[in-house]
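Visitor: Just passing along the structure, written as structure tokens.
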Amino acid sequence: MTVLIDLNSPARRPAAPQPDAVVAAPQPEAVAAPARRSLAGLSRDGLREALAEIGVPDRELRMRAAQLFNWIYVRGAVSFDEMTTISKVLRAALAEHYTIDRPEVISEQISVDGTRKWLMRMPPAGPHDKGAEIECVYIPEADRGTLCVSSQVGCTLTCTFCHTGTQRLVRNLTDAEIVGQVMVARDRLGDWSVPGPNKVSKAVQHDDDAAPAGRLVTNIVLMGMGEPLYNFDNVKAAVDTMSDGDGIGLGKRRITLSTAGVAPMIEKAGAEIGAMLAISLHATTNETRDGLVPLNKKYKIDEVLEACRNYPGLSNARRITFEYVMLKGVNDSPAHARELVRLLKGIPAKINLIPFNPWPGTKYECSDWDTIEAFSEIVFRAGYASPVRTPRGRDIFAACGQLKSETEKLRARARLMLENGGDPAAEAAS
Ligand code: SAH
């Protein structure tokens, strides 16, 4: 069963129409409203600049930014009022010019398996931006909680098995919008520090490896919508903010960047971002991969793997994850498995087999379970960890490659409801 909580219900937002009706009938006043800028998600530098803009003297900038950073990222402050270590005068100035608003949550869906998916709308970036919508997924497991965040609105790569690829790119997300997704998740999960006058952080980790005790979001994967290496600077800034030990404090070994294989950026990503790396490989020949990941026409398998061999910090303790989606009759034979092992020789690697998650209109099917097991066995016997990724949140369309579809479906329904004067029977008949 899926629980869909409509956060725009009249009780919460009296003046707002249904969320999908907003799309069908845009509200011009929402676009024109002069907005105070939110500081939520900003980097230390961003906070310093915001403080300088309202006249905080240079000599205080560092200290004031550190205070804000702590209130925002350790304690999850939602208003300047609660920032009791900051003078009342400065708090009033901050409130006059800024907010700490998060991206707006339009809906929250909770899967039977505990997976949660949020549809979020970013504040308009300009007069013609209606507010980009993205999805973010939380996957709880026994020993960790992984948050899958988006780096772009939509994606340009058009991988043929991925539903996100059917949506046209709207824009890159800013670093604050990427970090904002983590803030929303922690808000909704109650994952901030213990409340009270002497707020204490819930075991923020400075150590890359240790499990953040008592925390619900323990890992972040840049595996939502978008290609992170096509939004390099913002992803780098976001990873810096998320991993800062004085804030959210998730070490870089707990943050994984997944790329379809932008070969020339891979080494740079290792050197400058320093997160764990995942490569969406999915095929063992250029011919097959060209058909699945069109980016392969630009950066061939050999080139991508060469970049992986040069990934800074690569070792048996810091392996690269190769993602391999199991597509029936396309890439799933024992011969493919053996070829995969041959290709990866010498690279400290884990191979993550992903059962294909179908979406409406796709031409692909998921491999049979026996086929997946046989494939996994060959890879495992060659000495690689080869876990099969359990599909999570399929009932709420939150699984890999399914993002956005449910939203579009909902929208189409809302439009029909409007066109039919809200008559559900007419909707059902159409
Ligand atoms: N552009 C990056 C980040 C997106 S990650 C990348 O390609 O790595 C999304 C992951 O989900 C990728 O490994 C992608 O190949 C996988 N995926 C996409 N569609 C899928 C589907 N329908 N079923 C299973 N996995 C899918």
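The values are calculated or read from the model by the stated rules, or taken from the named source; none is laboratory data. Please read all numbers here as calculations on a predicted model, not as lab measurements. Cβ sites come from the backbone with ideal geometry, for glycine too, and all protein chains shown count toward neighbours. Surface areas here come from the heavy atoms of the whole protein model, side chains and all, with no ligands, DNA or RNA. Shrake-Rupley method; radii C 1.70, N 1.55, O 1.52, S 1.80 Å.
Visitor: Can you tell which of Ile347, Ile378 is in a helix (DSSP H, G or I), away from the ligand (no atom under 12 Å from the Cβ) and modelled with pLDDT of 95 or more? Break it down into steps so the answer makes sense when it comes.
Guide: Numbers: Ile347 fails: in a helix (DSSP H, G or I).
Being in a helix (DSSP H, G or I), away from the ligand (no atom under 12 Å from the Cβ) and modelled with pLDDT of 95 or more holds for just one of Ile347, Ile378, which is Ile378.
Quick grid of which residues meet (1) in a helix (DSSP H, G or I); (2) on the phi > 0 side of the Ramachandran plot; (3) of a type outside the set (Gly, Ala, Ser):
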| position | (1), (2), (3) |
| --- | --- |
| Phe69 | yes, no, yes |
| Ala77 | no, no, no |
| Glu82 | no, no, yes |
| Leu90 | yes, no, yes |
| Leu94 | yes, no, yes |
| Val105 | no, no, yes |
| Asp113 | no, no, yes |
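Visitor: Now a separate question. Out of Ile372, Ile354, which single residue is open to solvent by less than 40 Å² (accessible area, probe 1.4 Å) and either away from the ligand (no atom under 11 Å from the Cβ) or part of a loop (DSSP other than H, G, I, E, B) (or both)?
Guide: On inspection, the qualifying residue turns out to be Ile372.
Visitor: For region 304-344, name all the residues that are out of contact with any Cys (no Cβ under 9 Å at 6 or more places or on another chain), within 15 Å of the ligand (Cβ to nearest atom) and β-branched (Val, Ile, Thr).
Guide: Those that are out of contact with any Cys (no Cβ under 9 Å at 6 or more places or on another chain), within 15 Å of the ligand (Cβ to nearest atom) and β-branched (Val, Ile, Thr): Val304, Thr321, Val330.
Visitor: Turning to a different aspect of this structure: Go through region 256-275 and report how many residues are crowded, with 23+ Cβ neighbours inside 10 Å and aliphatic (A, V, I, L, M).
Guide: 6
Visitor: Filter region 135-149 down to the residues that are open to solvent by less than 10 Å² (accessible area, probe 1.4 Å) and either modelled with pLDDT under 90 or under 13 Å from the mean Cα position of the chain (by Cα) (or both) and list them by number.
Guide: Step one: filter region 135-149 for residues open to solvent by less than 10 Å² (accessible area, probe 1.4 Å), giving 135-137, 145, 147, 149.
Once the filter is applied, which keeps residues that are open to solvent by less than 10 Å² (accessible area, probe 1.4 Å) and either modelled with pLDDT under 90 or under 13 Å from the mean Cα position of the chain (by Cα) (or both), region 135-149 yields Glu135, Cys136, Val137, Leu147, Val149.
Visitor: Suppose we filter Ala337, Ala283, Ala307 for residues that are open to solvent by less than 40 Å² (accessible area, probe 1.4 Å), at pLDDT 95 or above, outside any helix (DSSP H, G or I) and aliphatic (A, V, I, L, M); which single one remains?
Guide: None of the other options fit; the residue is Ala283.
Visitor: Now a separate question. Just name the residue that is nearest to Cys159 (Cα to Cα) out of those in region 294-318 that are without any contact (Cβ under 8 Å) to a residue 60 or more places away in the chain and among the basic types (Lys, Arg).
Guide: Per the stated criteria, the residue is Lys297.
Visitor: Additional query: For region 164-180, how many residues are at pLDDT 85 or above and in contact with a Lys or Arg (Cβ under 9 Å, 6 or more places away or on another chain)?
Guide: Selection size over region 164-180: 2.
Visitor: Please state which of the following conditions Ala237 fails to meet, knowing it meets all the rest: (1) small (Gly, Ala, Ser); (2) over 26 Å from Val341 (Cβ atoms); (3) open to solvent by less than 10 Å² (accessible area, probe 1.4 Å); (4) part of a helix (DSSP H, G or I).
Guide: Going through the list (1) small (Gly, Ala, Ser); (2) over 26 Å from Val341 (Cβ atoms); (3) open to solvent by less than 10 Å² (accessible area, probe 1.4 Å); (4) part of a helix (DSSP H, G or I), Ala237 breaks only (3).
Visitor: List, please: which pairs have Cβ atoms under 6 Å, are six or more places apart or on different chains, and start with a residue in region 138-163 that is under 22 Å from Arg116 (Cα atoms) and of a type in the set (A, V, I, L, M, F, W, C) and end with one that is within 7 Å of the ligand (Cβ to nearest atom) and open to solvent by 30 Å² or more (accessible area, probe 1.4 Å)?
Guide: Cys148/Met223
Visitor: Something else: Looking at (1) within 16 Å of the ligand (Cβ to nearest atom); (2) more than 30 Å from Met225 (Cα to Cα); (3) among the β-branched types (Val, Ile, Thr), find the lone condition where Thr115 falls short.
Guide: For Thr115, the exception is condition (2).
Visitor: Another one. Looking at (1) away from the ligand (no atom under 11 Å from the Cβ); (2) crowded, with 24+ Cβ neighbours inside 10 Å, which one does Gln152 not meet, given that it meets all the others?
Guide: (1)
Visitor: Additional query: Scan region 236-261 for residues that are within 13 Å of the ligand (Cβ to nearest atom) and either out of contact with any Leu (no Cβ under 9 Å at 6 or more places or on another chain) or more than 23 Å from Ser315 (Cβ to Cβ) (or both) and jot them down.
Guide: Within region 236-261, Ala260 is the sole residue that qualifies.
Visitor: Another question, if that's okay. Among Gly393, Gly401, which is in contact with a helix residue (DSSP H, G or I) (Cβ under 7 Å, 6 or more places away or on another chain), modelled with pLDDT under 90 and within 15 Å of the ligand (Cβ to nearest atom)? Write out each step before concluding.
Guide: Values: Gly393 fails: in contact with a helix residue (DSSP H, G or I) (Cβ under 7 Å, 6 or more places away or on another chain).
Exactly one of Gly393, Gly401 is in contact with a helix residue (DSSP H, G or I) (Cβ under 7 Å, 6 or more places away or on another chain), modelled with pLDDT under 90 and within 15 Å of the ligand (Cβ to nearest atom), namely Gly401.
Visitor: When you go through Gly226, Gly214 one by one, which is the residue that is at positive phi, part of a loop (DSSP other than H, G, I, E, B) and within 13 Å of the ligand (Cβ to nearest atom)?
Guide: None of the other options fit; the residue is Gly226.
Visitor: Just to be sure, is Ala275 touching a strand residue (DSSP E or B) at 6+ places or on another chain (Cβ under 6 Å), touching a residue at least 40 places away in the same chain (Cβ under 8 Å) and more than 11 Å from the ligand (Cβ to nearest atom)? Let's see the steps before the verdict.
Guide: On the way: touching a strand residue (DSSP E or B) at 6+ places or on another chain (Cβ under 6 Å): yes; touching a residue at least 40 places away in the same chain (Cβ under 8 Å): yes; more than 11 Å from the ligand (Cβ to nearest atom): yes.
Judged against the criteria, Ala275 is a match.
Visitor: Right, another one. Do we find that Lys130 is assigned to a strand (DSSP E or B) and touching a residue at least 40 places away in the same chain (Cβ under 8 Å) in this structure?
Guide: no
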